[in-house]
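As structure tokens, the structure follows; a few thoughts come after it.
Please treat every number below as a calculation from the coordinates, not as lab data. Predicted, not measured: the structure shown is a model, and the values here were computed from it. Quick reminder, even Gly has a Cβ in these numbers, built from the backbone with ideal geometry, and neighbours come from all protein chains shown.
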Amino acid sequence: MARAFLIVMDSVGCGGAPDAADFGDDGANTLGHIAQACAEGRAEQGRSGPLRMPVLDGLGLGAAIMAASGMAAPGLGATPRGRWGAATEISRGKDTPSGHWELAGVPVPWDWTYFPDTQPAFPPELMALVARLAGTGGTLGNCHASGVPIIAAHCDAHLRTGWPICYTSADSVFQIAAHEEAFGLDRLLRLCADLAPHLHAMKVGRVIARPFTGTCDTFQRTGNRRDYAIDPPAPTLLDWVADAGRATHAVGKIGDIFSMMGVGTLHKGKNDAALFQHLLRLAGEAEAGSLTFCNFVEFDSLYGHPRDVAGYARALEGFDALAGQFLARLRPGDLAIFTADHGNDPTWHGTEHTRERVPVLCAGVGAGELGLCAFVDVAASVAAHLGVPNSGPGRSFL
């Protein structure tokens, strides 16, 4: 019985979203601009030369960038040996839940709540609730910020007072940073879990725990991040497969993103390298008829938001080498789809996600062009391959 592996390279967009201008992202192209920077010698830290991704380019990565945006990405010009195309999102967000839910067959039917880019960013009654749930005399932050700078700005005060550091971004999120030892990891996770229902009722997509360790001069964010996401509004691909009596495996953030709905077995790791070892293992061990759904977040978190072009390129090239090992372990009849949930162009202004189409690269189902498709078509195609009912709006491209 066929198996399916749906692999999300978080933020690895390929430009060309028809509504990008509505988000201030007209012209953003994560993969295309990274390839350009590499070819022009502007991404030489820890690597050198044109972007090299022979495995995924062999499936059709360069062709997908061209289909999405019209850009011929330097170094990515292989003749495709897989099925390839580019997908367009309709949900009105460029965030993790919107992208993943829609890839899993369920567009977001509501408008997310976003906090204003003001100081303070949050209403006083919300901050009073956070302080009460935390058992503290107040909170720190209360603004739009990136994770590392806001911890640096408030670390001393946090360690002195024990007050949690609260911040948001252009996404529909409420993030809380706290020291794993001084504040307590369990206490931070409990705070976020208790707060999440209140934020979800406001249609805020996620409450995110952002633990860190070390001194204020040498602090590091840890792999114990936890996302408390609002429940998907309808059954997703994971539910379809589980309801058909098949096994489902969630690797990385997938369990958090889908609130464990439809998830049979969760596989976590401290970083993407550890998560890929789970994927390699599951290529050999996953049950017949099963779905393995993966998220690899570090493209986004470590390189997209910090606008680190060379780091992003290094991560792409390292992932490509591991993808070759994974593909070599697949069984006859297996389907593997490599895609993304949004963009995060490291050459773009600001530090936020970018509205883009995403590549759709299929291994195990022959070669040929898929053209432009919808995010929801990914779920429909996986369901068709596995032979399970599809209750979503998508159509299979296989």
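Segment 1-37 and segment 291-335 have their alpha-carbon centroids 13 Å apart.
Given R0 = 45 Å, the distance between the Cβ atoms of THR218 and GLU285 translates into a calculated FRET efficiency of 0.70. Between the Cα long axis of helix 375-386 and the first principal axis of the chain there is an angle of about 60°, rounded to the nearest 10. The dipole here belongs to the chain: it is taken about the Cα centre, uses +1 on the Cβ of Lys and Arg and -1 on the Cβ of Asp and Glu, and is about 720 debye.
Looking at the chain, the DSSP beta bridges with both ends there are about 35 percent antiparallel.
Taking Cα atoms only, the orientation of helix 124-134 departs from the longest principal axis of the chain by about 90 degrees.
The orientation-averaged projected area of the convex hull spanned by the Cα atoms of segment 174-287 comes to 8.3 nm². List the cysteines in the chain whose Cβ has no other cysteine Cβ under 4.7 Å from it. Cysteines lacking a close Cβ partner in the chain: CYS14, CYS38, CYS143, CYS166, CYS192, CYS294, CYS362, CYS373.
With respect to the chain, whose longest principal axis is taken over its alpha-carbon atoms, helix 30-39 is tilted by about 80°.
Note on the chain: GNM, Cα springs under 10 Å; of PRO346, PRO123, PRO359, the largest mean-square fluctuation is that of PRO123. Out of THR265, GLY394, SER301, whose Cα points farthest toward the positive end of the dipole of segment 254-398 (charges: +1 Lys, Arg; -1 Asp, Glu; placed on Cβ)? Most positive-ward Cα: THR265. Taking one quarter of the surface of the C-alpha convex hull of segment 1-150 gives a mean projected area of 13.9 nm². Using the rule -39500 (n - 2.57) for each DSSP H run of four or more residues, divided by the residues of the chain, the 222 nm mean residue ellipticity is -10000 deg cm²/dmol. Annotation for segment 110-133 versus segment 238-278: alpha-carbon center distance of 30 Å. State whether segment 135-210 is rounded, prolate or oblate according to the following rule on the C-alpha gyration tensor (a ≥ b ≥ c being the square roots of its eigenvalues): a/c under 1.5 gives rounded; otherwise a/b larger than b/c gives prolate, and the remaining case gives oblate. The shape class here is oblate.
Which of the peptides 388-395, 168-175, 251-258 is most tightly packed, and how do the rest follow, going by the mean number of other Cβ atoms within 10 Å of each residue?
Values: 388-395: 17.6, 168-175: 22.4, 251-258: 24.6.
Put in order of decreasing packing, that is 251-258, 168-175, 388-395.
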